[in-house]
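Remarks on the structure that follows.
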């Protein structure tokens, strides 16, 4: 075989082999989270929802993307520096898993695309100017759980019509408290119930809050949607059981670990949609051209075992409406 033909043959073989061996260039996706590094977000949401959404859009971790997570574990004052770290890594996009993270990411960069997932109205809290035209580098998905506050009051009243005082547990570090409290207070007033607003941003605060509920003869509790609370779902449920305080929670994570009742959006759906949006941005779509998605899927989950332990009988009207009853 002539030398020229041999070289040509080698080149053809190399051209045939290289696509199978070559790896697509990996782009880095930053995830900024107010949740803890493990538990609800890292163990449930990431592998089963957000990553699946990316896969639906054609992006697979370890093949054409890599993911870097920065978690504040409920310490929202850490978020600005964590956001700056991701910006310094020059990530292709940032996924903000909650309201505090979204604001930190928004303050950190005006150019890197940001996709948030939140349970509040992003227009009301000032994340975006419009749902249909979010502008600039920010868009996302929301199930507006904040507007469900009055519904939580009604459900709790249906279960506990004799309760004169109910508590509303909030994290003072979460900006959405300013929007939700007036709506929940108005709903309680309509039902002639006294509302006690209690705050907690540390595990010790949670203990203090429940001790205060006992002192003030609180008949029922509404837990505000918040990454810190969700990351401490087992502690919150245990405190409610210890002090025999019936509670309604914002997501089913609480009911799954023994909470009495939950009503709200479906986090898996929310974060999967966020993953799909990040994928679209990686393919070239501008965030401003992606309207803020509104997830309308809601679920009511009731834990009958917990109701029995609290000595409560769930009204048939609630049981009929429940999407799932845990026995």
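Tell me which residues, restricted to segment 58-89, are in a strand (DSSP E or B) and touching a residue at least 24 places away in the same chain (Cβ under 8 Å).
65, 66, 67, 68, 69, 70, 71
Quick check on residue 173: is it part of a loop (DSSP other than H, G, I, E, B), touching a strand residue (DSSP E or B) at 6+ places or on another chain (Cβ under 6 Å) and either crowded, with 17+ Cβ neighbours inside 10 Å or outside the structural domain of residue 312 (by TED's automatic domain parsing) (or both)?
It is false that residue 173 is part of a loop (DSSP other than H, G, I, E, B), touching a strand residue (DSSP E or B) at 6+ places or on another chain (Cβ under 6 Å) and either crowded, with 17+ Cβ neighbours inside 10 Å or outside the structural domain of residue 312 (by TED's automatic domain parsing) (or both).
Each row is one residue, and each column tells you yes or no for (1) out of contact with any strand residue (DSSP E or B) (no Cβ under 8 Å at 6 or more places or on another chain); (2) under 15 Å from residue 155 (Cβ atoms); (3) at pLDDT 95 or above; (4) not in a helix (DSSP H, G or I).
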{"residue": "218", "(1), (2), (3), (4)": "no, no, yes, yes"}
{"residue": "230", "(1), (2), (3), (4)": "yes, no, no, no"}
{"residue": "245", "(1), (2), (3), (4)": "no, no, yes, yes"}
{"residue": "279", "(1), (2), (3), (4)": "yes, no, yes, no"}
{"residue": "301", "(1), (2), (3), (4)": "no, yes, yes, yes"}
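Only one of these is assigned to a helix (DSSP H, G or I), at pLDDT below 95 and touching a strand residue (DSSP E or B) at 6+ places or on another chain (Cβ under 9 Å): 307, 240, 255, 288. Name it.
288
If you scan segment 138-170, which residues turn out to be free of Cβ contacts under 8 Å to residues at least 40 places away in the same chain and assigned to a loop (DSSP other than H, G, I, E, B)?
161
Any residue in segment 91-108 that is under 23 Å from residue 263 (Cβ atoms), under 20 Å from the mean Cα position of the chain (by Cα) and assigned to a loop (DSSP other than H, G, I, E, B)?
Yes.
Of all residues in segment 32-44, which are surrounded by 24 or more Cβ atoms within 10 Å (Cβ to Cβ) and at pLDDT 75 or above?
Result: 32, 33, 34, 35.
What do you reckon, is residue 155 in contact with a helix residue (DSSP H, G or I) (Cβ under 8 Å, 6 or more places away or on another chain), buried (at least 16 other Cβ atoms within 10 Å of the Cβ) and assigned by TED's automatic domain parsing to the domain that holds residue 120?
Judged against the criteria, residue 155 is not a match.
The values are calculated or read from the model by the stated rules, or taken from the named source; none is laboratory data. Source: prediction; values computed, not measured. When we count neighbours, we look across all protein chains shown, and the Cβ atoms used for this are built from the backbone with ideal geometry, even at glycine.
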